[in-house]
Structure formats: structure tokens, C-alpha cells
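First up is the structure itself, then whatever we jot down about it.
The values are calculated or read from the model by the stated rules, or taken from the named source; none is laboratory data. All values derive from a computational prediction rather than experimental measurement. Glycine gets a Cβ as well: all are built from the backbone with ideal geometry, and neighbour counts include every protein chain shown.
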Amino acid sequence: MREYLLQTLESGGELTAQMIVLRLAAASIIACFIFLSYKLSHDGSIYSKKFNVSLVALTIVTTTVMIVIGNNIALSLGMVGALSIVRFRTAIKDSRDTVYIFWTVVVGICCGAGDYLVAGIGSAFAFILLLVFGRIKNDNRILIIIRAARANEEKIAALIFKRYMRKANLRVRNTTDDTVELIYEISRKNLEKGERTGGSVSDEIYALGGIEYFNTVMQNDEISS
């Protein structure tokens, strides 16, 4: 019984060089579409050429691993045990990058197992969906930073409330004996709408007097690598 179990664990299907090349070639073709999809769905400084190339390499590596462990049960068990102790702590700048990582892994598994139809159809759907929805971004957020005399704090709060109602959220309030610093968060859309209907908000703030500075800072998804 023991010998039978050992033979079962060590047994695997025969792989020819032609089959290995075919599976790696299929993975390479789909990896090119993943490369193109990532390039089309990302633009600006958030696009990383190195990460895009890594996606292609990850597809090939995953396919190679699946070719090996898919034909040997003992190796597959050992690979699972080895990977269970590995911890990857690479920071993901964009949540969409996680989708691409899973996409490459799934394609590698499918091609390594010889399921080209599943890999092709699944990748086609993923390519179309990411092409349509991949350019959707969060609305840019604007921080309005005002530093003024503490005596004008209520006037500033009333002016901001009058101009933007509840669409401008007070995030930070720093005070000293003589001054106060207020930081409001508002979407770019609402800020521009307020500028069109009521004129420049900075002019109204400075008209109150006792204003040290009025700054606007944009926050968006663009993170330089």
C-alpha cells in the first residue's frame, strides 16, 4: 500500500517539448494582451512600465510552475508548502493593479494546465471590461487651507457654508492664541460650480480681513513611482 501511494504521488503525465512550447506560447500571446490592456487603462504618472513588464513575466513564470506541478502530485504539494511561507509586501498604488495580478496568475494556471479556451475567453471578457471601465477615476479632491486671525473663524465658516452648503467638509482645525488654520475638503466639481455661480471664493475670504493665506491643494490618484 505504501509503495502504491509513493508511485501515485510521483507519477505524472508525460510532457513533450512541443506541449511545453505550445503552453508557453499561448501564455505569451495572452500576456501581450494584458500588457496592452494595462497600458490603455492607465495613463499619467500612475502608469508604470516596470510593473507592466512584470505582469508579462508573471504570466510566463506562473505557466512554467503549473507545467511542472500539474504533472507531479508530490511537487505540487511541496510547492504549496513552499509558497505558504512566502509573504509579498509590495505596495499596490492602484486597486486595479490587484486585478491585473490575479488576471496574470489565472492565465498562467489555465495555460499551464492546457485549458487554452478558458484562458482565451476569460481574458477576452476581462480585456473588454477593463477597456470600458478602466479609465474611471475617483473625483479629484480639493483641500482649501485657510490661515487667519481667530476672531474671523466664525465669519470664514459662515462664508464657506453659504457658498458650498454641506459639500465642503471641515477636516482639520489648528489653533494658536492668535490664529486659526482651517482645512476643508471639497470635490473639484463642486469647487468649480461654486466659482462659476458666486465668483472667486478667495476674494471673498480675503475681503474679511486678517487672512494670512488661502491655499488650494489638489488630491488625486496620480502617484509618482
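Below are the figures for this structure:
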item: Selection status of residue 146, farther than 30 Å from residue 40 by Cβ, of a type in the set (A, V, I, L, M), surrounded by 13 or more Cβ atoms within 10 Å (Cβ to Cβ) and touching a Phe, Trp or Tyr at 6+ places or on another chain (Cβ under 7 Å); result: yes
item: Residue identified as modelled with pLDDT of 90 or more, in a helix (DSSP H, G or I) and at negative phi among 107, 80; result: 107
item: Residue list for the stretch 147-179, restricted to those being within 10 Å of residue 208 (Cβ to Cβ) and in a strand (DSSP E or B); result: 148, 149
item: Test: residue in the stretch 191-201 that is over 33 Å from the mean Cα position of the chain (by Cα) and assigned to a strand (DSSP E or B); result: no
item: Looking only at the stretch 46-68, and only at residues there that are more than 16 Å from residue 19 (Cα to Cα) and without any contact (Cβ under 8 Å) to a residue 24 or more places away in the chain, the one that is surrounded by the most Cβ atoms within 10 Å (Cβ to Cβ); result: 52
item: Boolean, residue 117 is closer than 30 Å to residue 63 by Cα and surrounded by 13 or more Cβ atoms within 10 Å (Cβ to Cβ); result: no
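Residue by residue, here is whether (1) within 11 Å of residue 156 (Cα to Cα); (2) loosely packed, with under 15 Cβ neighbours inside 10 Å; (3) modelled with pLDDT of 85 or more; (4) not aliphatic (A, V, I, L, M) holds:
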position: 171; (1), (2), (3), (4): no, yes, yes, yes
position: 175; (1), (2), (3), (4): no, yes, yes, yes
position: 180; (1), (2), (3), (4): yes, no, yes, no
position: 196; (1), (2), (3), (4): no, yes, no, yes
position: 200; (1), (2), (3), (4): no, yes, no, yes
position: 211; (1), (2), (3), (4): yes, no, yes, no
